[in-house]
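The values are calculated or read from the model by the stated rules, or taken from the named source; none is laboratory data. Source: prediction; values computed, not measured. Please note: Cβ atoms are built from the backbone with ideal geometry, for glycine as well, and neighbour counts cover all protein chains shown. Just the protein is used for accessible areas: all its heavy atoms, side chains included, with ligands, DNA and RNA removed. Shrake-Rupley method; radii C 1.70, N 1.55, O 1.52, S 1.80 Å.
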Amino acid sequence: MAHLSVPQPEALQNDDELDEWLTRPRPVLIEFISRVSSPLVILGAGGKMGPTLAVLARRAADAAGHPLQVIAVSRFSQPAQRAWLESRNVRTVACDLLEPSAVAGLPKTANAIYLAGMKFGTASNPSATWAINTLVPANVCHHFREARIVALSTGNVYPMVPVAEGGATEEHALTPLGEYANAAVARERIFDFFSRRNGTAIALLRLFYAVELRYGVLVDIARRVFRGEPVPVATNFLNCIWQGDANEMILRALPLAGSPPSRWNLCRPDLISVSETASRCGELFGKSARLAGEPSPTALLGDSSRICSRLGTPPTSVETMLGWIARWTAAGGRTLEKPTGFEVRDGRF
Ligand SMILES: NC(=O)c1ccc[n+]([C@@H]2O[C@H](COP(=O)([O-])OP(=O)(O)OC[C@H]3O[C@@H](n4cnc5c(N)ncnc54)[C@H](OP(=O)(O)O)[C@@H]3O)[C@@H](O)[C@H]2O)c1
């Protein structure tokens, strides 16, 4: 198949090589993006995923010879993200999406990707988490009511489920533990409310742990093994996805938007064992992995078969990610110092 035809590199040795690979479009995206009308607006683009998502779209449109303007909107509290985007021909607009008057000034579009959110810091500032995850979607739904919107949600909207039963499907009740996860449920409910009221086409993507080499669950596990620290295994299973694959699927999910919103779990289809991943990292580093705790029968897990049957299985395997991460970690590669908290079981972030 054409979209599987891009060979993967053996190693990614520095930030430039990593960013180049994360933003290299596969033929399936180049073909898709030629049908996306301009502009493409990416909201909340200043975080961990937005910059490489925006540049992936930029490069896909360029490769297609399609004059698509890509507009990245964020507060840009990390100014380096803005400069990085501008230097790669992505237009940036600084905007606090909490401010209705600022949102009202944003360019109109037929295609929007919504990435804004807040998770970490919820325990100390819960009201900010609730405001960002509810008021921002309301402002966005009001201004972009004519657009189709792919809105990121999270696997945290589900409660922990029995590992033996596999992951939660999209029909599972949204009854999670903790304020962040419940604010994430509220984010979905606000999108759902406005979609039904205004007829706005929306796809809600419940993402489970994006991974690249500077952050992600596999990085958290690998770093612990490399440093000789114990790996907590109380939550012994998880789902994840290479960030480049996630970004591509987010863009290609635009035609999945509907009213009422469609809902999709987004991750690789495999259930990943934390203890087996730690052992594999130990082999790659030539060290023995230490484990801490007793595996619980429940974990935060999603069944991604619906999105895989529509958009294809994400091409980057766990083994490939671990090989890249092991080399990166052993070479002292940079990280964002943003641990995922995959071991958290009480919903406090
Ligand atoms: N990365 C993952 O593994 C993962 C897993 C599950 C779900 N998700 C979901 O996927 C989405 C994107 O992930 P991410 O990792 O890129 O998240 P992230 O690093 O938290 O980035 C989200 C960005 O939204 C922007 N934002 C927040 N409030 C805003 C406001 N009032 N106005 C304008 N921009 C605002 C912030 O950038 P500025 O400071 O520049 O405004 C923030 O960096 C998130 O919503 C998250 O819920 C991600």
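Note on the chain: lysine pairs with Cα distance below 26 Å, sequence gap of 8 or more or different chains, count 5. Relative to the current alpha-carbon distance between E170 and R24, full extension at 0.36 nm per residue lengthens the span by 49.6 nm.
Normalising the Debye intensity of the stretch 18-116 to I(0), with uniform scatterers on Cα atoms only, and taking log10 at q = 0.10, 0.11, 0.14, 0.16 Å⁻¹ returns -0.24, -0.29, -0.48, -0.62. Label separation (E294 vs T134): 3.9 nm, computed from points 7 Å beyond Cα along the C-beta direction. The mean accessible area for residues of the stretch 169-211, using a 1.4 Å probe and ignoring ligands and nucleic acids, is 39 Å² per residue. Just check the stretch 65-160 against the gyration tensor rule for me: Cα atoms, a ≥ b ≥ c as the square roots of the eigenvalues, rounded for a/c under 1.5, and otherwise prolate or oblate depending on whether a/b exceeds b/c. Cα axes put the stretch 65-160 in the prolate bin. Counting only protein heavy atoms and a probe of 1.4 Å, the accessible surface of the stretch 34-84 is 51% carbon and sulfur. Pairs of Cα atoms nearer than 8 Å and 6+ residues apart set the relative contact order; for the stretch 266-349 it is 35 percent. Work out, step by step, the length gained on full extension between H142 and S275: first 0.36 nm times the residue separation, then minus their alpha carbon distance; give nm to one decimal. Here the segment from H142 to S275 would lengthen by 43.3 nm. Set Lys and Arg Cβ to +1 and Asp and Glu Cβ to -1, take the dipole of the chain about its Cα centre, and tell me which of A128, V6, S309 lies farthest positive. Positive-end residue among those listed: A128.
Helices assigned as whole DSSP H runs in the chain whose Cα atoms extend at least 20 Å along their own long axis and whose mean Kyte-Doolittle hydropathy is -0.5 or higher are found at 50-64, 126-143.
A 1.4 Å probe run over the stretch 80-157, with the rest of the protein chains in place, finds 41 Å² accessible per residue. On the protein heavy atoms, probe 1.4 angstrom, tell me the percent of accessible surface of the stretch 256-349 carried by carbon and sulfur. Ligands and nucleic acids excluded, carbon and sulfur reach 49 percent.
Could you tell me which residue out of S38, L18, V70 lies farthest along the dipole of the stretch 2-138 toward its positive end? Charges go on the beta carbon: Lys and Arg +1, Asp and Glu -1, centred on the Cα centre. About the Cα centre, the residue reaching furthest to the positive side is S38.
Under a model in which nothing but the beta-carbon of Lys, Arg (+1) and Asp, Glu (-1) is charged, the stretch 1-125 shows a dipole of about 400 debye around its Cα centre. Placing a label point 7 Å from the Cα of L177 along the Cα-to-Cβ direction, the residues of the stretch 318-349 with a backbone N closer than 16 Å are 341-349. Volume per residue of the convex hull around the Cα atoms, evaluated for the stretch 138-290, comes out as 125 Å³. Exposure check, 1.4 Å probe, all protein chains in place: H172 carries approximately 70 Å² of accessible surface. Could you tell me what percent of the accessible area of the stretch 94-151 is made up of carbon and sulfur, with a 1.4 Å probe and every protein chain present? Heavy-atom surface of the stretch 94-151 belonging to carbon and sulfur, 1.4 Å probe: 59 percent. If you model the stretch 216-333 as an ellipsoid using its alpha carbon gyration tensor, with each semi-axis the square root of five times an eigenvalue, the axes come out at 30, 17, 10 Å, biggest first.
The stretch 260-282 and the stretch 4-37 have Cα centres lying 21 Å from one another.
Using the heavy atoms of the protein chains alone and a 1.4 angstrom probe, what is the accessible area of the stretch 272-339 per residue in square angstrom?
On the way: 3350 Å² over 68 residues.
Spelled out: the 1.4 Å probe surface of the stretch 272-339, per residue, equals 49 Å².
Here the relative contact order of the stretch 194-349, from alpha carbon pairs under 8 Å that lie six or more residues apart, stands at 36 percent. Adding -39500 (n - 2.57) for every DSSP H run of four residues or longer, then dividing by how many residues the chain holds, sets the calculated 222 nm ellipticity at -11500 deg cm²/dmol. Can you tell me, using C-alpha contacts under 8 Å and at least 6 residues apart, the relative contact order of the chain as a whole percent? Reported as a whole number, the value is 19 percent.
The trypsin sites (Lys or Arg not before Pro) found in the stretch 135-200 that occupy coil by DSSP, while having at most 16 further C-beta atoms within 10 Å, are R145.
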